[in-house]
Structures are given as C-alpha cells and as structure tokens.
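Chemist: Submitted below is the structure of interest, expressed as structure tokens.
Since every read-out is calculated from the coordinates, none of them should be taken as a lab result. The model shown is predicted, which means the values in this text are computed figures rather than measured ones. Positions of Cβ are backbone-derived with ideal geometry, glycine not excepted, and every protein chain shown enters the neighbour counts.
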Amino acid sequence: YAIDDPAADFSELYNGNIQPDNDYNLSVNTSLTWQFDPGFYVQWALGRGVRSADLTEKFINHLSVGLDAYEYVGDPHLKPEVNYQTDIIVSKKWEVVHVYADVFYSYLNNYITAFVDTTLQKKFMPCKPPPHAKRFANIDQATMMGLEAGIGFYFARYFRATLDGGYTYAQNISWDEPLPEIPPFTINAAFGYKSGKVDTEVRARYAAEQKRVSESFAETTTPSFIVVDMAASYAPLDFMEINGSITNLFNTNYVEHLSRAYKNMGPNTGSLYYEPGFSFNIGVRFKF
C-alpha cells in the first residue's frame, strides 16, 4: 500500500521516499498453570506480541489527534512495535471471598510514540501556540512493569464489596525519561446490594498524582483526586426497569491523566481539561 497523492511537504520531509516497508509480524504466547484446588491457581505466562504502526502513525500530515493542540506528523518507515512480556497471576476463591493479583514485566523494542519535533513548524494557524508539531517515532528500548490486585467479598446473600488497584512503572530507556500516557496509581472501591428486583452500588475511585511524565511528549503532571458515583435500578415488573445514576457525587474538580492536558494556549500555561462535575440521570427501560 502507499499514498496515491502525497502532500508535497510530507514527501519532502522524507526525501521523496514515503513507500512503507513490508512488515512480517510473529506473535506467540504460552502459559503454565498450577491448579492447586478448584478455587486456587497460579499461572505463569510468557508472550511476544507485535503491532504494526497504523495509518495515522505512518501517514498523518499536520492534523490534530486527541485532546492536545499539537499537529501530528506520521513516519511511513515506522518499524513494528515488539512487546516481550511475562506475567505471574494468582487467584484464590473461597465461598464468600475472591483474591487475585497479577504482576507483569514487559520489555519493548521499537515502541511507537510521538515527540515534539522542534524542526517541524506548525502548519495551520502558525501564529497560535504551540509553535511546533509532534512526529511519530520508534523508541529502541523501553520497559513496563506493574501490579494489579483486588479482593471481593460477597456476604449476607445480597451484599458485595470490592477493592482493587493497579500501578504501572514505564521507562523510556533510549531517551532516559518516563514513557508518555501512563496512568497513575489507582484504587477502586465499590459496595453494592442486589436482590431479585433491586440492584444498587456506590463506587469510589482514587487516582494518585502523576509526576512521571514525558518531557519529549510535552506531557503535563496531573493532581490526585477521589471521585464517587452511585447507581441503582428497580424492576417492578418483568418487562420494566427503572434506573438512575449519579456521577461525581461531590462535584469534584479532577483531571484524568489519559485525557491529556488541553494545551490550547501552549504547553506551559497549565491549562487542564477537567472532567464533568455532578450529574444525574433517570430512565425507564421496557423489555418486549
């Protein structure tokens, strides 16, 4: 495949050589599971996964992607991203309790990301910051490691309580900085009640401050937050259900790190793209 009618500036950027290379991707995985009893197992998994760059990453030319104000420029010669990963998973179920944990380590070759290229001037509205564009590129070496764990209680027939969390540490070895767009340490908690007609749940989520950000990506830090949601449903009839929910119960001002800072006024203004505040909805659903 190739671009039928490439823009002159895109072709010039790569000296007229914009024909992508052929990719030959080989992915393989295996796992070994120890089943100690019907409710308890330990699993060790190994895998090699390969992902080719998509059309946006290869061919986009000074167009905005996502929620930041940067224009992005592709690279038709991006190499496939290779992920070598190992996981150790432990899961144990009792009559009313379920505990699980997953520890993983990942080594990445040719990781695909974008960076602010100060040799590329912004093409559209050049007088409005940021002045430069981002270009997709391969990172030779990178690593990720992390932990996900959780516990669930199911008691008094109708009640449930869950607690889980996760953290990922990701490092760009080649450029000696953190990888961009990595979520912070997060904890989720929920308490619910479910009977034949009624289903209710209160959910809380804590996200820590994310200070490990990529300078080359012009990524900004995000503060910690706690947000609480509620949901309930009632089925008075077999064919009818009344449901309602409250989002952001305490009207918290918070920023999701993966929503990115919306740097419409430039990368150093601290402008953040806040999530919606308190809201609720009520609905009725009929089953025919």
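Chemist: Which whole-Hz ³J(HN,Hα) couplings does segment 238-249 yield from phi under the Karplus relation 6.51 cos²θ - 1.76 cosθ + 1.60, θ = phi - 60°, glycine and proline marked x?
Modeler: 4, 9, 9, 9, 9, 9, x, 8, 10, 10, 6, 3
Chemist: Between Thr222, Val97, Gly166, whose Cα lies farthest towards the positive end of the dipole of the chain when Lys and Arg beta carbons carry +1 and Asp and Glu beta carbons carry -1, centred on the Cα centre?
Modeler: So the residue we want is Val97.
Chemist: Here is a follow-up. Quick query: amide H of Phe40 versus all other amide H atoms, modeled in the peptide plane; which residues come in under 5 Å with a sequence gap of 5 or more or a different chain?
Modeler: Lys93
Chemist: Can you find, among Val284, Thr186, His257, the residue farthest towards the positive end of the dipole of the chain? Put +1 on the C-beta of Lys and Arg, -1 on that of Asp and Glu.
Modeler: It is Val284.
Chemist: While we're on this one: Taking the Cα centre as origin and putting +1 on Lys and Arg beta-carbons and -1 on Asp and Glu beta-carbons, what dipole magnitude results for the chain, to the nearest 20 debye?
Modeler: Values: 23 positive and 33 negative charges, 193 e Å.
Computed charge dipole of the chain: roughly 920 debye.
Chemist: How large is log10 of I(q)/I(0) for segment 88-152 at q = 0.26, 0.27, 0.29 Å⁻¹ when the intensity is taken from the Debye formula with one equal scatterer per alpha-carbon?
Modeler: Debye curve over Cα of segment 88-152, log10 I(q)/I(0) at q = 0.26, 0.27, 0.29 Å⁻¹: -1.02, -1.05, -1.11.
Chemist: Taking a cut-off of 20 Å between Cα atoms, list the lysines near Lys122, but don't count ones fewer than 8 places away on the same chain.
Modeler: Lys58, Lys134, Lys263
Chemist: Cross-link candidates for Lys93: which aspartates and glutamates have Cα within less than 18 Å, leaving aside residues fewer than 8 places away along the same chain?
Modeler: Partners within reach: Asp37, Asp102, Glu148, Asp164.
Chemist: Between segment 237-261 and segment 204-224, what's the alpha-carbon centroid distance in Å?
Modeler: Answer, in whole Å: 22.
Chemist: To continue, here is another question. Below 8 Å between Cα atoms, with a sequence gap of 6+, how large is the relative contact order for the chain in percent? Can you show the working numbers first?
Modeler: Details: 702 pairs, mean separation 33.3, N = 288.
Normalised by residue count, the contact order of the chain is 12 percent.
Chemist: Regarding the chain, what whole-number volume in Å³ per residue does the convex hull of its Cα atoms give? Present the calculation step by step, with values, prior to reporting the outcome.
Modeler: On the way: hull volume 56.4 nm³, N = 288.
Per-residue hull volume (Cα only) is 196 Å³.
Chemist: Using the number of other C-beta atoms within 10 angstrom as an exposure proxy, rank Val73, Val96 with the fewest first.
Modeler: Val96, Val73
Chemist: Related question: Among Arg212, Arg285, rank each residue by its count of other Cβ atoms within 10 Å, from fewest to most, as a rough exposure measure.
Modeler: Working: Arg212 17, Arg285 11.
In order of increasing Cβ crowding within 10 Å: Arg285, Arg212.
Chemist: So what is the 222 nm mean residue ellipticity for the chain from helices alone, if each DSSP H run of at least 4 adds -39500 (n - 2.57) and you divide by all residues, rounding to the nearest 500 deg cm²/dmol?
Modeler: The helix contribution divided over the chain gives -1000 deg cm²/dmol.
Chemist: Would you give the gap between the C-alpha center of segment 157-185 and the C-alpha center of segment 71-104, rounded to a whole Å?
Modeler: Going from one Cα centre to the other spans 11 Å.
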